[in-house]
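Everything below concerns the one structure shown next.
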Amino acid sequence: MTLSTDSSSRGAARIFSGLLEARTGQILSESRAWRMETALKPVMRANGVADMDELATRLLGNRDPRLEEEVVNALLNNESSFFRDLQIFDMINRHILPSFAERRERVLRIWSAGCSTGQEVYSLAIQLRNDAARWRGWRIEILATDISTAAIDQARSGIFSQMDVQRGLAVGDLIKWFEPAGDNWRASPELRRMIDFRTDNLFEPKAPSGDYDLLLCRNVLLYFTPERRQEVFRLMTRHSHDRSVLLLGAGETVIGHSDDFIPHPEFRGGYGRRPEAAHNSEGIRRAV
């Protein structure tokens, strides 16, 4: 199949937007659509493609999973930074995590859904290691998932540019938990071992298992339709328990999308599960 003779860049953009939605569930907003050509230029150069129309023709005329994945990875918004929204990480460190520390079962489980290139979970790992005395003898499991293979590959490598580490990472934490890697910095083996990075799709999830104490799905729901958001919240319900805390991005809310979560009575900006919420993984408190 080839594009018709009256195809335009606008038509090509619709093809790319449709591919992104089909593969990830994300809707390409106007604020992201304007930069589509810029985002796709590295893909076009790498594949010897002259412009967006030719790239669209290649996608339609020859089902190439590798090229489709490159296009999707390029269009995904992998914006992230260390300790993004510092007040949230302060609340996690001072209040949310300590609320789990007194219980008898010494297992702490965290899931970051839509983890991008990993700065969020590395920030959590740093907090936990800086408070090592509190968590001595605990099994800490951190699952970090994202649909972007490129983002997960970078996150798993633990390598960040000088610009990356200057965005939110304290100098003391940089020196303590990172080592020089040429012109870049690499997270220490100790931090990298704490995190299980997986490529996963929130609408066809395979990675999460059992219940999680802290669930982060920040700045992810913005790109989904209301119906897709409801699906995500149903997934979060299945993998939470009565004391779990769910954290969303500043512009995101459960209101109008889920009856299973309500504003948390203790942690401002967080959400807790209604005690009566349907729980499809009843009896599964921990992954085995």
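The values are calculated or read from the model by the stated rules, or taken from the named source; none is laboratory data. Everything numeric in this text was worked out from a predicted model, so none of it was measured. Please note: Cβ atoms are built from the backbone with ideal geometry, for glycine as well, and neighbour counts cover all protein chains shown. Side chains included, ligands, DNA and RNA excluded: accessible areas come from the protein's heavy atoms. Shrake-Rupley method; radii C 1.70, N 1.55, O 1.52, S 1.80 Å.
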Exercise for review: Considering (1) buried (at least 17 other Cβ atoms within 10 Å of the Cβ); (2) in the same structural domain as Leu108 (by TED's automatic domain parsing); (3) modelled with pLDDT under 90, say which one Ile255 fails and leave the rest.
Suggested key: (1)
**Study point:** the range 69-89, residues that are open to solvent by less than 20 Å² (accessible area, probe 1.4 Å) and assigned to a helix (DSSP H, G or I)
**Key:** Val71, Val72, Leu75, Phe89
**Study point:** Residue under evaluation Glu179, criteria (1) surrounded by fewer than 16 Cβ atoms within 10 Å (Cβ to Cβ); (2) of a type outside the set (Ser, Thr, Tyr); (3) part of a helix (DSSP H, G or I), criterion not met
**Key:** (3)
Review point. Mind checking which pairs have a first residue in the range 126-144 that is over 16 Å from Ile110 (Cα atoms) and a second that is of a type in the set (Phe, Trp, Tyr), Cβ under 9 Å, 6 or more apart or different chains?
Key: Asn130/Trp177
Review point. What are the residues in the range 135-169 that are surrounded by fewer than 17 Cβ atoms within 10 Å (Cβ to Cβ) and on the phi > 0 side of the Ramachandran plot, if any?
Key: Gly137
Check your understanding: Does the range 113-151 hold any residues that are assigned to a helix (DSSP H, G or I) and either farther than 16 Å from Arg193 by Cα or in contact with a Cys (Cβ under 8 Å, 6 or more places away or on another chain) (or both), and which are they?
Key -> Val121, Thr149, Ala150, Ala151
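Scan Phe267, Phe261 and give me the residue that is within 22 Å of Ile96 (Cα to Cα), in contact with a Phe, Trp or Tyr (Cβ under 7 Å, 6 or more places away or on another chain) and open to solvent by less than 20 Å² (accessible area, probe 1.4 Å).
It is Phe261.
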Check your understanding: How do the pairs read when you match residues in the range 65-82 that are of a type in the set (Phe, Trp, Tyr) with residues anywhere that are open to solvent by less than 20 Å² (accessible area, probe 1.4 Å) and assigned to a loop (DSSP other than H, G, I, E, B), using Cβ under 9 Å and keeping only pairs 6 or more apart or on different chains?
Key -> Phe82/Leu169
Check your understanding: Can you tell me which of Ile126, Ile96 is open to solvent by less than 20 Å² (accessible area, probe 1.4 Å) and under 22 Å from Glu266 (Cα atoms)?
Key -> Ile96
Practice item. Quick one: which residue in Arg45, Arg104 is open to solvent by 60 Å² or more (accessible area, probe 1.4 Å), assigned to a loop (DSSP other than H, G, I, E, B) and free of Cβ contacts under 8 Å to residues at least 12 places away in the same chain? Key: Arg104
Point to revise | Test: Ile15 is in a loop (DSSP other than H, G, I, E, B), more than 29 Å from Leu169 (Cα to Cα) and either assigned by TED's automatic domain parsing to the domain that holds Leu235 or not polar (S, T, N, Q) (or both) | key: no
Check your understanding: Restricting to the range 236-246, what's the tally of residues that are touching a residue at least 60 places away in the same chain (Cβ under 8 Å) and surrounded by fewer than 22 Cβ atoms within 10 Å (Cβ to Cβ)?
Key -> 1
Review point. From the list Ser161, Ser209, which residue is closer than 19 Å to Ser81 by Cβ, more than 15 Å from the chain's Cα centre (by Cα) and among the polar types (S, T, N, Q)?
Key: Ser161
Practice item. Output yes when any residue across the range 93-116 is small (Gly, Ala, Ser) and outside the structural domain of Asp173 (by TED's automatic domain parsing), and no when none is. Key: no
